[in-house]
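Bear in mind that the values in this text are calculations on the coordinates, not laboratory data. This one's a predicted model, so the numbers in the text were calculated from it and none came from an experiment. Because the Cβ atoms are built from the backbone with ideal geometry, glycine has one as well, and the counts that use them run over all protein chains shown.
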Amino acid sequence: MNTTFVGLELRRVFRDYVTMFFIAVLPGFFYMIFGAAQDFAGERAGSGNVTMYIMISMAAYGAVTATTGIGGMAAVERMQGWGRQLGLTPLRDATYVAMKAMVAFAVAAIPVALIYVLGVVTGAEGTAAAWALSAVLVLVGAAVFAVYGLAVGLAFRTEAAVSAASGLLVIMAFLGNIFIPLSGTLLTVAKFTPLYGYVALARYPLTEGFGVDGVQEPLWQAVANVVVWAGIFGAVATALVRRGRERQ
Amino acid sequence: MKTHSPLPAVDVRRLEKTFRAGPDRIAAVRGVDLRIEAGEVVALLGPNGAGKTTTLDIVLGLTRPTAGSAEVFGQAPRVAVNAGRISAVLQSGGLLRDLSVRETVQMVASCFDRTRPVEEVIARAGLSPLATRKVSKCSGGEQQRLRFALALLPDPDLLILDEPTAGMDVGARREFWDTMHADAARGRTIVFATHYLEEADAFARRIVLMAGGCVVADGSTADIRARATGRTVSADLPDQDTAHAVETLRRVHGEGAVELSGRRVSVRSVDSDAVARALLVDLGGTDLEIVTGSLESAFLAITGAEGPEAERTSG
């Protein structure tokens, strides 16, 4: 493993205060406002309480913001000629992808760690298994959105497009049942949007599929959502990589 | 640098590359043969779209040819890159703006098994005073010297420069070439693509002229000049027989090649020796002078109407 390379990549992200604000500080702030500070915070949710439920949601939002940005910037950097520069070294494409993925997971772990610590302090309750499993699912699932960022970066090749992709996550988060609990028709539509399955899956160890309305949703729905969207993002990114290669 | 081998630094044979552009296919390179020996300093000259960058990309293993082959010191380009035998200073772009100069060198160095020390290449590119500066705050010339530092990391036997001074002002260009001169003296093989004729003239001993995806001329700078326009031979003619002498010359060398201004006649010809002999011996000319045409006119003559963007002020 190339620790110098990964270390420098991490240093780049940490030095970018604006990005770090959106990745870590903002989701942490959301958690405090929408979660810890609310009257219903202590109410039961699944095997724990609502604070825990919102904690997982906001950690997921922070994690996807991180992976979308890193995936997107990786694509833009390569398109803008950094890929050619690295092409003059023995570095393999697969190694590059692995190192970027490592960076993305490391950065995504920041909001998760921060918000989970806030959760401990502000009274989030759940089983030990729910704490551990939800954190793992948040991190692993966020990889899908690294591919989403990658696809946008490959398609538009600008930093502005990557920022727009991160901005779109806010809308996806509303539709994904992250910020406020949805119901009725909106909830039905929401089940088909990209963030819905991911966050539902991450909360599953806590809720076992039960929503705030008390209705239990089968696990396969969340899994199917994640699998389908991962497939869509992956197919688009692959097609765009091929297009880019042909034109070079 | 590693050992000098008898194998050619670059051996390109019947190279072809076509790109797909919508429904059409565009031929960027159509049958290039090029052999460059170890230790040569060669300029690859040609207008935009001549196929220079594509050819160099193939030699660097960044692009695969549609047909034909390219070898670097007898190896496939990618193998030569992995062994650190070939490196390049690429055209603009390709740096991470939020890294410092030293961090950029460290990052690229980390991709190799073995390199020259980071501080050494920074010093050789004249970047030591700027090592902590962010790439985004470096001028175009400073960024180019950073790319040069990166190219020095594997201590390559063959260094490719793809329009290394495009977009630089005159001062920065001179500074860059001063750095390169110092490096070429160490015996590295250097191939550079350029738009600037004066750079090719000043720095290369051999010029390969490309146009429309083909090599249209290949030789020393003097060869290339002579090939296009020949040389111009001028002399003062004796007062009495001027008209007769001009007529004789026009008959032999063509109407357009002979000009008369007062008593002084000038003749453009590929065979300047024959003209000189005729002028001195047969026609009684005096004060003879032989001048080689400018490289620029050679370039125009060989590549056709489109000239190099020699004086283009880009950036």
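General observations
- Lysines with Cα under 23 Å of A:LYS100, excluding same-chain neighbours fewer than 8 positions away: B:LYS134
- Chain B: antiparallel DSSP beta bridges as a percent of all, rounded to 5: 70
- Projecting the Cα positions of B:ILE207, B:VAL191, A:ALA202 onto the charge dipole of the protein assembly as shown (unit charges on Cβ atoms of Lys, Arg, Asp and Glu, taken about the Cα centre) puts A:ALA202 furthest along the positive direction.
- Cut-off 10 Å between beta-carbons: net charge of the residues surrounding B:VAL42, Lys and Arg +1, Asp and Glu -1: -1
- Residues A:PHE210, A:PHE22, B:PHE192, ranked from the fewest to the most other C-beta atoms within 10 Å, line up as A:PHE210, A:PHE22, B:PHE192.
- Ignoring aspartates and glutamates fewer than eight residues from A:LYS191 along the same chain, the ones with Cα atoms less than 16 angstrom from its Cα are A:ASP213, A:GLU217.
- 5 angstrom amide H check on B:ARG206, placed H, neighbours 5+ away: B:VAL41, B:ALA43
- Cα gyration tensor shape for segment B:80-172, rounded if a/c is under 1.5, else prolate or oblate: oblate
- Applying D = kT/(6 pi eta Rh) to segment B:137-278, where Rh is the Kirkwood radius over alpha-carbon pairs, T corresponds to 25 °C and eta to 0.890 mPa s, the Stokes-Einstein value obtained is 132 µm²/s.
- For the protein assembly as shown, a/c is not less than 1.5, where a ≥ b ≥ c are the root eigenvalues of the C-alpha gyration tensor, and a/b tops b/c. That puts it in the prolate class.
- Across segment B:149-164, rounded Karplus estimates of 3J(HN,Hα) from the backbone phi angles (6.51 cos²θ - 1.76 cosθ + 1.60, θ = phi - 60°) give 4, 4, 5, 6, 3, x, 6, x, 7, 10, 10, 9, 10, 9, 6, x Hz, Gly and Pro being marked x.
- Net dipole in debye of chain B [+1 Lys, Arg Cβ; -1 Asp, Glu Cβ; about Cα centre; nearest 20]: 1320
- 3J(HN,Hα) couplings calculated from phi for segment A:92-109 with the Karplus curve 6.51 cos²θ - 1.76 cosθ + 1.60 (θ = phi - 60°) are, in sequence order, 8, 4, 5, 5, 4, 4, 4, 5, 5, 5, 4, 4, 4, 5, 4, 6, 5, 5 Hz; Gly and Pro show x.
- Rg/Rh for segment A:22-164, where both radii come from Cα atoms and Rh is the Kirkwood radius: 1.09
- Other residues lying with their Cβ under 14 Å from the Cβ of A:GLY7 contribute a combined charge of +3, Lys and Arg counting +1, Asp and Glu -1.
- Cα shape, chain B, gyration tensor, a/c 1.5 rule: prolate
- Surface/4 of the Cα convex hull for chain A, nm²: 13.4
- Comparing mean-square fluctuations of B:ASP218, B:ASP178, B:ASP241 from a GNM of chain B with C-alpha springs under 10 Å, the top value falls on B:ASP241.
- Placing +1 on the Cβ of every Lys and Arg and -1 on the Cβ of every Asp and Glu, with no other charges, gives the protein assembly as shown a dipole of roughly 1240 debye about its Cα centre.
- The order of the peptides B:24-35, A:67-78, A:179-190 by mean Cβ neighbours within 10 Å, most packed first, is A:67-78, B:24-35, A:179-190.
- DSSP beta bridge pairing in the protein assembly as shown, given as percent antiparallel to the nearest 5: 70
- Here's how it looks for A:PHE210: its modeled amide H is under 5 Å from those of A:GLU217, which are all 5 or more places away or on a different chain.
- Listed residues B:ALA217, A:PHE30, A:VAL76: farthest to the positive end of the dipole of the protein assembly as shown (Cβ charges): A:PHE30
- Each Lys and Arg adds +1 at its Cβ and each Asp and Glu adds -1 at its Cβ; summed about the Cα centre, chain A shows a dipole of about 1040 debye.
- Within straight-line cross-link reach of B:LYS52, aspartates and glutamates at Cα separation under 17 Å, skipping those fewer than 8 residues along the same chain: B:ASP11, B:GLU16, B:ASP33, B:GLU71, B:ASP162, B:GLU163, B:GLU199, B:ASP218, B:GLU306, B:GLU309
- Radius ratio Rg over Rh of segment B:242-282, counting only Cα atoms, Kirkwood formula for Rh: 0.91
- Residues in segment A:43-60 carry Karplus couplings, in order, of 5, 6, 8, x, 8, x, 10, 5, 4, 5, 4, 6, 4, 4, 4, 6, 4, 5 Hz; the curve used is 6.51 cos²θ - 1.76 cosθ + 1.60 with θ = phi - 60°, and Gly or Pro positions show x.
- Short-range pairs are left out: with C-alpha atoms under 8 Å and at least six residues apart, the relative contact order of chain A is 25 percent.
- Charge sum, other residues only, whose C-beta stays under 12 Å from A:GLN80's C-beta, Lys/Arg counted +1 and Asp/Glu -1: +2
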